[in-house]
Amino acid sequence: MKRRDFIISAGALAAGASLMPRLAQAAPGVIDWYTSSDQNVLDFWTNVVKPKFEAANPGVTLNLVDGGDNAGLQAIAERALAALGSNADPQADMFEGFDARQPVGALDKGLWVDIKAAGLSNYDKINPLALELDGMPQNLPYRGSQVLLAYDTTKLSPDAVPKTWADLVAWIKANPGQFIYNRPNKGGSGGNFVRRAIYEANGRDPSLFKVDNYTAEAAGKMLDPAWEMLKDLAPALMDGGAYTSGNTQSIQLLGQGAVTMIPAWSDQTIAAINQGALPETTGLVQLQDLGFPGGFARLTIPTNGVNKDAALKLADFVLTEEIQSAVLTELGGFPGVSWDHVSAELREKYKDVIPASIPVFPGGDWEKAINEGWYRAVAPNVDPNA
């Protein structure tokens with residue numbers, strides 16, 4: 001599934017060779033750019049970034065290539081790694097949505113440009129939260145997405161909307177039938193609502209959960225209290241304990257007025273409002289005691305790309321106020337820069353969703369334990385495969 005795949009799996013390599021798209025023919029002044037993100041991201045680069053960048057940089061062309069899925073990008077990166085240290089042309093200048101931790105061995109061999117050290121004029125504008133989450137100077141975070149609360153302002157005043165987990169729970173119980181979230185294995189908005197409950201049950205400390213510290217014993221102690229919290233909440237949900245089958249269905253129910261509030265992805269919700277799928281009376285808010293989980297998509301640049309210097313110029317251009325504001329208005333994402341580097345009008349419009357924190361929950365065994373535990377303890381009557 002392409003949407004919000006911020007980390008490329010090393011296991012994709014085996015499938016990558018057969019799935020690799022036709023490589024672009026490298027040429028001076030032509031930036032060969034690859035993505036495996038959703039069509040809306042490719043459209044954003046095609047309709048917004050490309051014409052603006054080319055107009056500002058005569059003689060430079062941006063060649064946008066849909067790399068298919070993550071395995072496709074992995075295969076292209078493997079080709080670039082194989083070409084490192086030789087005269088072979090990697091035929092790749094920039095990757096969108098790819099992680100410099102891949103392919104295996106690429107960092108040690110110097111495949112990726114250290115963007116922090118590259119001297120970009122706009123690098124200092126990047127949101128410190130994004131840099132802290134990633135910790136990789138070879139990754140350039142440029143757009144983000146985070147789960148937040150979307151609500152109907154005709155039913156709930158912005159002055160009364162909950163901004164802490166305790167207030168949210170109190171509101172749900174005081175307004176039975178007016179809140180719903182999707183099953184955690186059927187979309188990240190519901191999955192991250194569940195993870196926020198897990199954080200709450202563990203002192204709001206995301207650092208307790210790491211990809212390499214899972215044990216069945218630890219999971220029992222740390223997840224069971226969250227299951228009790230969510231079971232206690234279930235009778236106050238829509239239809240006395242219903243759960244949607246995905247992010248889109250939750251948004252549809254909100255748009256139809258069936259519920260007053262849902263957890264939803266920031267980019268998906270902003271896009272739905274901009275496109276009229278949700279009314280302009282839809283409000284957005286982020287919890288201020290600890291935000292819902294989210295993350296950032298990255299740009300990576302091979303050190304052996306024929307047009308590396310032009311790619312760095314493109315990376316700097318993407319961090320400008322014009323493009324970062326367009327990330328909000330055209331793509332529906334969060335800016336990769338600090339919010340004081342987007343227009344004042346947009347800062348005011350989205351002031352209730354500017355995150356003070358962006359926790360990231362590990363996948364792997366933790367993800368499996370969360371999905372299985374939720375069905376077993378919170379919703380035993382719901383079919384996980386339905």
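Quick check on my filter: what residues within segment 149-188 are within 25 Å of S245 (Cβ to Cβ), at pLDDT 95 or above and among the small types (G, A, S)?
Answer for segment 149-188, where residues must be within 25 Å of S245 (Cβ to Cβ), at pLDDT 95 or above and among the small types (G, A, S): A150, G177.
Cβ-Cβ under 8 Å, sequence separation 6+ or interchain: first residue in segment 111-133 and more than 29 Å from E78 (Cβ to Cβ), partner assigned to a loop (DSSP other than H, G, I, E, B) and open to solvent by 20 Å² or more (accessible area, probe 1.4 Å). Which pairs?
N122/T320; K125/S338; N127/S338; P128/S338; L129/S357
Would it be correct to say that T46 is open to solvent by less than 10 Å² (accessible area, probe 1.4 Å) and polar (S, T, N, Q)? Even if it seems obvious, please write down each step before you answer.
Numbers: open to solvent by less than 10 Å² (accessible area, probe 1.4 Å): no; polar (S, T, N, Q): yes.
Here the answer is no, as T46 does not meet what is asked.
Which numbered condition in (1) over 27 Å from K186 (Cα atoms); (2) of a type in the set (K, R); (3) open to solvent by less than 50 Å² (accessible area, probe 1.4 Å) is the only one that K351 fails?
For K351, the exception is condition (3).
Does at least one position in segment 207-217 carry a residue that is open to solvent by 60 Å² or more (accessible area, probe 1.4 Å), assigned to a helix (DSSP H, G or I), more than 16 Å from W366 (Cα to Cα) and free of Cβ contacts under 8 Å to residues at least 40 places away in the same chain?
Pass one, segment 207-217, residues open to solvent by 60 Å² or more (accessible area, probe 1.4 Å): 207-208, 210-212, 214-217.
From the residues that got through so far, the ones that are assigned to a helix (DSSP H, G or I) too are 207-208, 216-217.
Filter once more, keeping what is more than 16 Å from W366 (Cα to Cα): none.
The answer is no, given that none of the residues of segment 207-217 is open to solvent by 60 Å² or more (accessible area, probe 1.4 Å), assigned to a helix (DSSP H, G or I), more than 16 Å from W366 (Cα to Cα) and free of Cβ contacts under 8 Å to residues at least 40 places away in the same chain.
Can you name the residue in segment 44-91 that is small (G, A, S) and under 27 Å from the mean Cα position of the chain (by Cα) and, of all such residues, is modelled with the lowest pLDDT? Spell out the reasoning first.
Going residue by residue through segment 44-91, those that are small (G, A, S) are 55-56, 59, 67-68, 71-72, 75, 77, 80, 82-83, 85-86, 88.
So of that shortlist, the ones also under 27 Å from the mean Cα position of the chain (by Cα) come out as 67-68, 71-72, 75, 77, 80.
Numbers: G67: 88, G68: 81, A71: 84, G72: 88, A75: 93, A77: 95, A80: 95.
The selected residue is G68.
Got a number for residues in segment 66-93 being buried (at least 23 other Cβ atoms within 10 Å of the Cβ) and assigned to a loop (DSSP other than H, G, I, E, B)? Quick ask: steps written out before the conclusion?
To start, the set of residues in segment 66-93 that are buried (at least 23 other Cβ atoms within 10 Å of the Cβ) comprises 67, 70, 72-77, 80, 90, 92-93.
In the following step, the residues that additionally are assigned to a loop (DSSP other than H, G, I, E, B) were identified as 67, 90, 92-93.
Residues that pass the stated criteria total 4.
Any chance segment 324-333 includes a residue that's open to solvent by 30 Å² or more (accessible area, probe 1.4 Å), touching a residue at least 24 places away in the same chain (Cβ under 8 Å) and under 19 Å from the mean Cα position of the chain (by Cα)?
Narrowing segment 324-333 to residues open to solvent by 30 Å² or more (accessible area, probe 1.4 Å): 329-330.
Within this subset, residues satisfying the condition of being touching a residue at least 24 places away in the same chain (Cβ under 8 Å) are 329-330.
Cutting the leftovers down to under 19 Å from the mean Cα position of the chain (by Cα) gives us 329-330.
Looking for residues that are open to solvent by 30 Å² or more (accessible area, probe 1.4 Å), touching a residue at least 24 places away in the same chain (Cβ under 8 Å) and under 19 Å from the mean Cα position of the chain (by Cα), one finds at least one in segment 324-333, hence yes.
Name the residues in segment 355-386 that are among the aliphatic types (A, V, I, L, M) and open to solvent by less than 20 Å² (accessible area, probe 1.4 Å), would you? Don't jump to the end; show me each part of the working.
Of all residues in segment 355-386, those among the aliphatic types (A, V, I, L, M) come to 356, 358, 360, 369-370, 377-379, 382, 386.
Across segment 355-386, the qualifying residues are I358, A369, I370, V378, A379.
At least 1 residues that are under 18 Å from L42 (Cα atoms) and among the basic types (K, R) in each: list the strands (runs of 3 or more DSSP E) lying fully within segment 250-364 that qualify. Let's see the steps before the verdict.
Details: elements: 261-265, 282-285, 294-300.
Once the strands (runs of 3 or more DSSP E) in segment 250-364 are filtered for at least 1 residues that are under 18 Å from L42 (Cα atoms) and among the basic types (K, R), what remains is 294-300.
Would you list the helices (runs of 4 or more DSSP H) that sit entirely within segment 103-201 and hold 2 or more residues that are open to solvent by less than 10 Å² (accessible area, probe 1.4 Å) and farther than 30 Å from G373 by Cα?
Details: elements: 106-109, 128-134, 165-174, 188-201.
In segment 103-201, no matching helices (runs of 4 or more DSSP H) lie anywhere.
Is there any pair with a first residue in segment 54-70 that is charged (D, E, K, R) and a second that is assigned to a helix (DSSP H, G or I) and open to solvent by 30 Å² or more (accessible area, probe 1.4 Å) whose Cβ atoms are under 7 Å apart and which are 6 or more apart or on different chains, and what are they?
Matching pairs, first to second residue: D69/L19.
The values are calculated or read from the model by the stated rules, or taken from the named source; none is laboratory data. Just so it is clear, the structure is predicted and the values come from calculations on it, not from any experiment. Don't worry about glycine lacking a Cβ; one is built from the backbone with ideal geometry, like all the others, and counts go over all protein chains shown. Calculation scope for accessible area: heavy atoms of the full protein, side chains included, ligands and nucleic acids excluded. Shrake-Rupley method; radii C 1.70, N 1.55, O 1.52, S 1.80 Å.
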